[in-house]
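A short worksheet on the structure shown next.
The values are calculated or read from the model by the stated rules, or taken from the named source; none is laboratory data. Owing to the predicted nature of the structure, the values given are computational and were not obtained by experimental measurement. Glycine also receives a Cβ, built like all others from the backbone with ideal geometry; neighbour counts cover every protein chain displayed.
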Amino acid sequence: MPRLQLIALLTATLLAFTAAAVQAQQDDWPDWLNKAMAKENKRLKYKEVSTEDEQYSFRMAGKPGDSGAFEGGYYWESDIKGEAVLECYIFTEPSDLAALASNLTELGIEAQAEANGGSVATRSVAHLDAGVINGAPFLAIEWVYTMGEAPNALVGYSKVRAARNGNIIQACAHNFTGYRDTFAKAFEEFVNSAQQPASDMPAYYEEVALMRLGEQNIGVAHSAFRMDDDGDTQIITQTASIVPVAPGVISSDDATTTSWSTADGLLINSYSASAQNGELSHNLQLRRDDEDNWQVTGEMQGKPITATIDSTLQPQSDIGQMQTAAALFAGEEQQATFLAWLPDADPTKMLEGSITRDDGDVAKQGTLTVGPLSMSARFDESGSVVSAGINIGAAVMTLERIWKNGELR
Amino acid sequence: MFEIPVERVAGDNAPLSGAVSAMLDVPDPAHIGTSRQVAAVFGENKTMQSPPDSRHTAASFVVDYDEPAVEQLLLELRTQYGDRPTVSELTDFVFAHIEDKNYLRDFDLASRVAASGAGDCTEHAVLLTALARATGHSARIAIGVLLLEYEDDIGAYGHAWTEIYDGDSWQLADATKPQSEDIVIRPRYLPMITLDDEGPGYTLDFMRLQRLQPSKVSQIANASH
């Protein structure tokens, strides 16, 4: 994973001045709530469920209940012995993972508040997590909240997990205190057991990286490399993150970049889109025009962007950046440079990036720099980033590859 | 704005007055755990020194006061305060317009802030800069650290605000109005950069902060000590 694009993306998030450690502290909860939170169902049983057309099937925990279809997906409910049903969904239309997870928690909380005849009075993030289940990157959000006024206030607890698994998003929700491990296991099995139509163009290489802010897992980045008949590679990178920004407030960020690369690492074209809290932030495309100049078209924050970039500037693709890193660490030079198109940093220019060796103590350690921005990174033999870290003021953001499948070509 | 850990000089509980000196721990961006110490002085009206130029009155991609959403807001502003509102009136107007004070926006363009009425310090700074320019002032966006003095405590935060030129010098204008909060005795500022690239590459310009943002503000004392 070369991820200069991720550096720009993550840094933009950090520089927004909004990251905050705002999780509710379980130590402060009353005994009765801690006891309720400790409840689990240790005898989970699973049943096979499938869509009517049998294109998708899964193993669902608990005693099956209601199920059906909605526009763009399907749902199943089951009883896992908590006083609320387990709800699981698949979304077959393209969706943003972080925004979807965030929206599902909001729907759950609203439904609970409505069912209890009141509105939400206070709310705190109880748990945030991110990771990978058998190659499917996931996000987890849990909220604790109160409804109504003291002394009759009720406590609510909502858990949501959502994973991008191949061409679908799978999500489960459980709106009740406790059953946290039960819920996590049920979701893991739901994702692990998924059977779905095979992709027309299977990936020859995939990887998932975990994004951390300090000690907090906040997001995931998934990359898939696919080769066409001409030997060009399509690289799709999708990131999703949830950042707590204030007590009781989270912000979701989703981004997708689809680019094409020649086998020797030259960028052919690229398309990048990002959204914050479900609202489009940018939607930009880079391609060569009939005169071979680079054309940038699209929009940022709703405003049109057009730019022409000199045809002689040839940016490297992710593959090219990896090849550059691999050659640097295999040779005697101290630094290598390359051009990259990083729409999150500046869509109207090709930016020069550099990798400087810093491998005196740690093998294949280097400093990745683009413009005023630097981060440390550790590479593997192929030049892919294994882990990376960036310091911005009091915040430390790290990326770590946590799963890979296949081999880079 | 995110909070930065602070530390006063041990045993020094004297009230702060005027400018305040401090040491900043500034991390090496690419070497986690490594930092250098830099001396700094915070002031109530501390601004960057570079002189105004034609960019500071022009509409730009970020400070897009020529967009319909901002022009609509300008009509409201002029109805309320006339064609040449004072800095104080502009600040009050932006503070009131951004009713939804939240941390859910990264860095919105002025037209987006005008339309949404939502955001944090960056959105306040961008909109104030836009309205100031549109009403004939030279103005720019400043980013740095805000030191808030409370009754029994001090807090430091990454922050953004506006600098407006009064004909002789830059004046600091903060549309988030931290001094309006009861618990705040006095805000003091340390500007680190002004946003020089207000085009579509503004994020890259913003990233200059990476080498300047402190991880800790310590040895806080009256500047005269």
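Assorted remarks:
- Members of region A:296-327 that are of a type in the set (D, E, K, R) and under 22 Å from A:Asp380 (Cα atoms): A:Asp318
- Of the residues making up region B:189-216, those that are more than 7 Å from chain A (Cβ to nearest Cβ) and part of a helix (DSSP H, G or I) are B:Tyr202, B:Asp205.
- The set of residues in region A:197-225 being in a loop (DSSP other than H, G, I, E, B) and at pLDDT 95 or above consists of A:Ala203, A:Tyr204.
- Complete set of residues in region B:162-178 that are assigned to a loop (DSSP other than H, G, I, E, B) and within 23 Å of B:Phe107 (Cα to Cα): B:Asp174, B:Ala175, B:Thr176, B:Lys177
- Residue match in region A:36-43 (condition: part of a helix (DSSP H, G or I) and over 22 Å from A:Ile169 (Cα atoms)): yes
- Failed item, numbered, when A:Thr122 is tested on (1) surrounded by fewer than 19 Cβ atoms within 10 Å (Cβ to Cβ); (2) in contact with a helix residue (DSSP H, G or I) (Cβ under 6 Å, 6 or more places away or on another chain): (2)
- When region A:156-175 is filtered for residues that are among the basic types (Lys, Arg) and in contact with a Cys (Cβ under 6 Å, 6 or more places away or on another chain), only A:Arg161 remains.
- Filtered residues of region B:175-192 (kept if surrounded by fewer than 21 Cβ atoms within 10 Å (Cβ to Cβ), at pLDDT 90 or above and of a type in the set (S, T, N, Q)): none
- Residues considered: B:Ala125, B:Ala160, B:Ala134. Of these, the only one that is more than 30 Å from B:Asp12 (Cα to Cα), within 13 Å of the chain's Cα centre (by Cα) and of a type in the set (Gly, Ala, Ser) is B:Ala125.
- With respect to being in contact with a Phe, Trp or Tyr (Cβ under 9 Å, 6 or more places away or on another chain), within 25 Å of A:Ile305 (Cβ to Cβ), in contact (Cβ under 8 Å) with a residue 12 or more places away in the chain and more than 10 Å from chain A (Cβ to nearest Cβ), B:Ile141 fits the description.
- Only residues that are touching a residue at least 24 places away in the same chain (Cβ under 8 Å) and farther than 21 Å from A:Val125 by Cβ were counted across region A:146-168, and they come to 6.
- Leading residue by the ranking (nearest to the chain's Cα centre (by Cα)) among those in region A:263-293 that are of a type in the set (A, V, I, L, M, F, W, C) and under 19 Å from A:Thr337 (Cβ atoms): A:Leu267
- Some residue of region B:38-54 being within 14 Å of another protein chain (Cβ to nearest Cβ), surrounded by fewer than 13 Cβ atoms within 10 Å (Cβ to Cβ) and under 30 Å from A:Ala388 (Cβ atoms): yes
- Count of region B:133-161 residues which are of a type in the set (D, E, K, R) and part of a strand (DSSP E or B): 2
- Subset of region A:358-409 [among the basic types (Lys, Arg), under 21 Å from A:Glu215 (Cα atoms) and crowded, with 19+ Cβ neighbours inside 10 Å]: A:Arg401
- Residue within region B:112-132 that is in a strand (DSSP E or B) and free of Cβ contacts under 8 Å to residues at least 40 places away in the same chain present: yes
- For region A:351-392, a residue qualifies if it is out of contact with any Leu (no Cβ under 8 Å at 6 or more places or on another chain), within 18 Å of B:Arg36 (Cβ to Cβ) and either among the basic types (Lys, Arg) or at pLDDT below 90 (or both), and exactly one does: A:Asn391.
- Among residues of region B:81-108, those that are assigned to a loop (DSSP other than H, G, I, E, B) and away from chain A (no Cβ under 14 Å), counted: 7
- Whichever residue in region A:290-310 is crowded, with 20+ Cβ neighbours inside 10 Å and either on the phi < 0 side of the Ramachandran plot or acidic (Asp, Glu) (or both) and, among such residues, is farthest from the other protein chains (Cβ to nearest Cβ): A:Trp294
- Applying the criterion of at least 3 residues that are more than 11 Å from every other protein chain (Cβ to nearest Cβ), within 30 Å of A:Asn293 (Cα to Cα) and among the hydrophobic types (A, V, I, L, M, F, W, C) to the strands (runs of 3 or more DSSP E) found wholly in region A:311-409 leaves A:335-340.
- The residue pairs whose first member lies in region A:266-289 and is within 11 Å of chain B (Cβ to nearest Cβ) and on the phi < 0 side of the Ramachandran plot, whose second member is among the aliphatic types (A, V, I, L, M) and part of a strand (DSSP E or B), and whose beta carbons are closer than 7 Å, counting only pairs six or more residues apart or on different chains, are A:Ser274/A:Ala255; A:Ser281/A:Ala275; A:His282/A:Ala273; A:His282/A:Met300; A:Leu284/A:Val296; A:Leu284/A:Ile305.
- The residue pairs whose first member lies in region A:29-43 and is of a type in the set (A, V, I, L, M), whose second member is modelled with pLDDT under 85, and whose beta carbons are closer than 9 Å, counting only pairs six or more residues apart or on different chains, are A:Leu33/A:Gln26; A:Met37/A:Gln26; A:Met37/A:Trp29.
- In region A:216-275, the residues that are more than 15 Å from A:Pro137 (Cα to Cα) and of a type in the set (Asp, Glu): A:Asp228, A:Asp229, A:Asp230, A:Asp232, A:Asp264
- Hits in region A:248-291 (condition: out of contact with any helix residue (DSSP H, G or I) (no Cβ under 6 Å at 6 or more places or on another chain), not polar (S, T, N, Q) and not in a strand (DSSP E or B)): A:Gly248, A:Ala263, A:Asp264, A:Asp289, A:Asp290, A:Glu291
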